[in-house]
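Only the coordinates and a few stated rules stand behind these numbers; no lab work does. This one's a predicted model, so the numbers in the text were calculated from it and none came from an experiment. Note: ideal-geometry Cβ built from the backbone for every residue, glycine included; neighbour counts use all protein chains shown.
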Amino acid sequence: MASPKITVIGLGYLGATHAAAMAELGFEVLGLDVVPEKIRKLEQGTAPMYEPGLEELLRMHVPGVEGSTGRLRFTESWEEIGEFGDVHFVCVNTPQKHGEYACDMSYVERAMDSLAPHLTRPALVVGKSTVPVGSADRIADRIAALAPAGEDAELAWNPEFLREGFAVQDTLHPDRIVVGVRGPRGEETLREVYAQPIAEGSPFLVTDFPTSELVKTSANSFLATKISFINAMAEVCEAAGGDVVRLAEAIGHDDRIGKKFLRAGIGFGGGCLPKDIRAFMARAGELGASEALTFLREVDSINMRRRSQMVELTRDAVGGTLLGKRIAVLGATFKPDSDDVRDSPALNVAGQLHLQGAQVTVYDPKGMDNARAIFPTLGYADTALEAVRAADVVLHLTEWNEFKELDPGELGDATATRHILDGRNTLDPALWRKAGWTFRALGRPTA
Ligand code: UGA
């Protein structure tokens, strides 16, 4: 049997990477997005966002680039998508609803409603977006009702666990593949699509719809809880004079705890963890199970408190008032190796300082355009050295490698005071102190 033809609907961080990875695995792929500008960029082999390795992968497969396979094409036409595809991956985003905890399902609903009327022959629709538990059941019924193919248009739910910054690697070599199904076609088809990662040893787990949806939200909730746990320990360390970095290292040696996701600092952000734990609480409430997740409220508040604590530490560092103080902020994205500033703790702290009267200058290796777009009133500099010029205090808020490699001596000559606050606990205090800096970090002793 010929390989299934693949479509990918929604070409953001998840969809653009998924489409390129499917082409890399040898499939013919057609991608659709409702933003024409994104399609134009992708057609030229340009990634719509910064993601290491993605542009190289796109250029290996989009037609028109010398030596490419030509397997990865794009369209704005739902009709073409319906005609072309045997397997349709839906990768649209599910952001937090404005002013509410619940997630906004309108992009998923619109995508499914646009696709279904074009499913005229047997096809598998695969949901990859993060959705509240119970959504897949509802969507499967709706597709069957709207598709001319009726029950032959099946749904599977296949949550995605990729991390930004490692999206290509995580998509091509996933640490597990989870597939929620109702009928037989889902498992069979997705085993064929993911044959290569399965052959490489990725576990393939088949579940019912609700379990597959819950695997995703519970995994992100666990990760968020781990980060807030270590940040709670940082608060206690601050009160007791302990060192949270040494503490994390010591508890992490226990395999049952593990070393990963125990980096204390200004907390988690991005388009996933914060909104996912909130949507999970909202959904549990609807299901009458809110008590089971009250701890996530605490996870969220510990996380938000870290941002305020960073603002307080900065105020202390500049003598009690922020008014008119010059503050250099290194980092704007929610994590390194990404240009994503959605719910970024770094940008949030920079914004709070600015609103309290400080003169803030931000530098980030990749996130400047996105930061400027949502916070145009902050100052921006083209280099770290330029950002710290005459600063009263320097804040390290996103742990880019570039910042680890900065020369504290050279930087110190440019600042007014040689005062740095490490909000990510990845700089070496000894190195900075040796160069004459006053070095402070969240959850660590002052000297
Ligand atoms: C997260 C999950 O890790 C992915 O598995 C999941 O697929 C993805 O959400 C999603 O739902 O799409 P991502 O948002 O890319 O991935 O970022 P993470 O690497 O999880 O980091 C999230 C935040 O936690 C960042 O702001 C990071 O700086 C912070 N973090 C992470 C810490 O503060 N401490 C740590 O020890 C680790």
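Setting aside same-chain residues fewer than 8 positions from LYS97, which aspartates and glutamates have a Cα under 13 Å from its Cα? Within reach: ASP276.
Close amide-amide hydrogen proximity is noted between GLY31 and VAL8, ARG73, PHE74, THR75, each under 5 Å apart and 5 or more residues distant or on a separate chain (H modeled in the peptide plane; Pro and chain starts excluded). Within the listed set ALA387, ALA414, ALA250, the Gaussian network model of the chain (springs between alpha-carbon atoms below 10 Å) gives the highest mean-square fluctuation for ALA250. Determine the sum of side-chain charges near PRO63: Lys and Arg each +1, Asp and Glu each -1, restricted to other residues whose C-beta is under 12 angstrom from that of PRO63. Taking every Cβ under 12 Å from that of PRO63, the sum is 0. Once you've got the Cα coordinates, tell me which of LYS128/LYS260; LYS38/LYS260; LYS275/LYS404 are over 32 Å apart. Violating the 32 Å Cα-Cα cut-off are LYS38/LYS260. With N set to the number of residues, divide the alpha-carbon radius of gyration of the stretch 1-73 by 2.2 N^0.38 Å and report two decimals. Rounded to two decimals, the normalised Rg is 0.99.
Distance from the C-alpha centroid of the stretch 1-75 to that of the stretch 249-317: 34 Å, rounded to the whole angstrom. Report summary: the helix-based calculation at 222 nm, which adds -39500 (n - 2.57) for every DSSP H run with n ≥ 4 and divides by the residues of the chain, gives -13000 deg cm²/dmol. Based on the Stokes-Einstein relation at 4 °C and a viscosity of 1.567 mPa s, and on the Kirkwood radius from alpha carbon pairs, the stretch 208-447 is assigned a translational diffusion coefficient of 70 µm²/s.
A simple rule links phi to the HN-Hα coupling: the Karplus curve 6.51 cos²θ - 1.76 cosθ + 1.60 with θ = phi - 60°, which for the stretch 181-187 gives 9, 10, x, x, 5, x, 5 Hz, with x for Gly and Pro.
Couplings 3J(HN,Hα) of the stretch 298-309, computed from phi: 5, 4, 5, 6, 4, 4, 5, 5, 5, 5, 5, 4 Hz, in residue order, whole Hz [Karplus 6.51 cos²θ - 1.76 cosθ + 1.60, θ = phi - 60°; x for Gly and Pro]. Classify the stretch 147-191 from the C-alpha gyration tensor, please: rounded if a/c falls under 1.5, else prolate or oblate depending on whether a/b exceeds b/c. Cα axes put the stretch 147-191 in the prolate bin. Classify the stretch 6-207: rounded, prolate or oblate, from the alpha-carbon gyration tensor (a ≥ b ≥ c, eigenvalue square roots; a/c under 1.5 rounded; otherwise prolate if a/b is larger than b/c)? Taking the square roots of the gyration eigenvalues as a ≥ b ≥ c, the stretch 6-207 is rounded.
Here, the chain yields an orientationally averaged convex hull projection of 22.6 nm² when only Cα atoms define the hull.
Restricting the GluC sites (Glu not before Pro) of the stretch 170-247 to loop positions (DSSP other than H, G, I, E, B) with no more than 14 neighbouring Cβ atoms within 10 Å leaves GLU200. Each of HIS88, HIS419 was scored by other Cβ atoms within 10 Å of its Cβ. Arranged with the fewest first, they read HIS419, HIS88.
For the chain, a crude dipole built from +1 on the beta carbon of Lys and Arg and -1 on the beta carbon of Asp and Glu, taken about the Cα centre, is about 1280 debye to the nearest 20. Residues whose amide H falls under 5 Å from that of ALA156, counting only those 5 or more places apart or on a different chain, are VAL125, VAL126, GLY127, with hydrogens built in the peptide plane.
Karplus-based coupling profile of the stretch 26-40, in residue order and whole Hz: x, 8, 7, 10, 10, x, 9, 9, 7, 9, x, 4, 5, 4, 4, with θ = phi - 60° in 6.51 cos²θ - 1.76 cosθ + 1.60 and x standing for Gly or Pro. May I ask for the distance between the Cα centers of the stretch 130-176 and the stretch 335-382, given as a whole number of Å? Centre-to-centre (Cα) distance: 33 Å.
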